[in-house]
Each structure stands twice: as C-alpha cells, then as structure tokens.
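Working notes, beginning with the structure itself.
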Amino acid sequence: HLIYANSASSPDTVTELNISNVSVKGTTTAGRILWARNVKGLNISNWHSEGGSEGIRTTSCSRVNMSNVIARGAANDGVRASTCTNISLSNVQGHDNGSSGVRTDSDCTNVVALGCQGSGNATNLNIQGTNVKPSVISDYNIG
C-alpha cells in the first residue's frame, strides 16, 4: 500500500487524517494506493490515482469525506468503503477492471453520494448501507 493509515489495536485512534492534492500512479499489481482502517475523521480531496489493486479503501472509519476524487483501480474496486459510518461522497469517480467503480458495502451507515460516477467490470456504482441518501448519482464510463 502506498499510503497506509492503520489503527489495528483499537478503532478511532488515528484521528483527523487529511489528504489533499494527490496525484499518484501505481502498478497494476501493487496493493491499494490508500488503505485507511479505524480512522476517525478521514478527509480526502483533490485526489487522482491510477493502478493498485484498489484506488481508495476505507474500513471501519467514521466521518469519511471524499470530494473531487478520481481513482482507477486494477483488480478490486476504484473506491470502496466497508464498515464505515457517516460517509459523504461528493464528485467521486471510480473505475476498476475487476469489480466496482465506486462501492459502499451494506455494513455502512449514513451514506450520502452526490454526483458520483463509476465504471467497473462487475458494477459501476454499488452504493449500499443503512440510511443511504443517493442524490444526483449516475453511471458513467470514465475508463
């Protein structure tokens, strides 16, 4: 993983992680470009990545905000959130040859998706969870 924010010992011990103005290219066989686990207050803006097994993966995070994101993964998902709460996706674009462009898993809660676009081998946009408010989302092939 190129960026790995991990609080494996206890949830929410990494707080207020802000990542902005990133442009990175990984190989198709590399791990995730960004993998954040157990982060409280994750803010990602103005992000562009290509390659990696996934572009952005968040697991067990709270207060996740992504805006102006383009992530092109190679094997799993462009952008994926699992077991996360209070997620805001604004102008998030994802592409993946293996699975989903932009994905929130069914174990996520309080998801808002505004202006998201995705293309993937399995599904383009896969926005699931409890209390999902998809607004102005569209399937769009950015590959």
**Request:** Quick one: which residues, 5 or more positions from Gly41 or on another chain, have an amide H under 5 Å from its amide H? H modelled 1.01 Å from N in the peptide plane, none for Pro or chain starts.
**Result:** Glu16, Ser62, Arg63
**Request:** Enter the Cα centre distance for the pair region 75-135 and region 14-71, rounded to the nearest angstrom.
**Result:** 13
**Asked** Taking the alpha carbon gyration tensor of region 45-95, what are the square roots of 5 times its eigenvalues, largest first, to the nearest whole Å?
**Response** 17, 13, 7
**Message:** Explain nothing, just compute: Karplus ³J(HN,Hα) = 6.51 cos²θ - 1.76 cosθ + 1.60, θ = phi - 60°, for every residue of region 50-55 in order, whole Hz, x for Gly and Pro.
**Reply:** 9, x, x, 5, 9, x
**Å² of accessible area per residue within the chain, as computed with a 1.4 Å probe and no ligands counted** = 44
**Request:** Taking the convex hull of the Cα atoms, report for region 24-143 its projected area averaged over all directions, in nm².
**Result:** 5.7
**Asked** Using the Karplus equation 6.51 cos²θ - 1.76 cosθ + 1.60 (θ = phi - 60°), what ³J(HN,Hα) coupling, rounded to whole Hz, does each residue of region 38-46 give in order, writing x for Gly and Pro?
**Response** 6, 9, 9, x, 9, 10, 10, 9, 6
**Ala30 paired with Leu2, simple spin-label distance in nm, labels 7 Å along Cα-to-beta-carbon** = 0.4
**Request:** Return the carbon/sulfur percentage of the accessible area of region 32-143, one whole number, probe 1.4 Å, all protein chains in place.
**Result:** 42
**Complete:** Two pseudo-spin positions, 7 Å from Cα along C-beta at Ser45 and at Val22, lie apart in nanometres by 1.5
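The values are calculated or read from the model by the stated rules, or taken from the named source; none is laboratory data. Since we're looking at a predicted model, the values are computed, not measured. Every residue, glycine among them, receives a Cβ derived from its backbone with ideal geometry; neighbour counts consider all protein chains shown. Note: accessible area is taken over every heavy atom of the protein model, side chains too, but ligands, DNA and RNA are not part of it. Shrake-Rupley method; radii C 1.70, N 1.55, O 1.52, S 1.80 Å.
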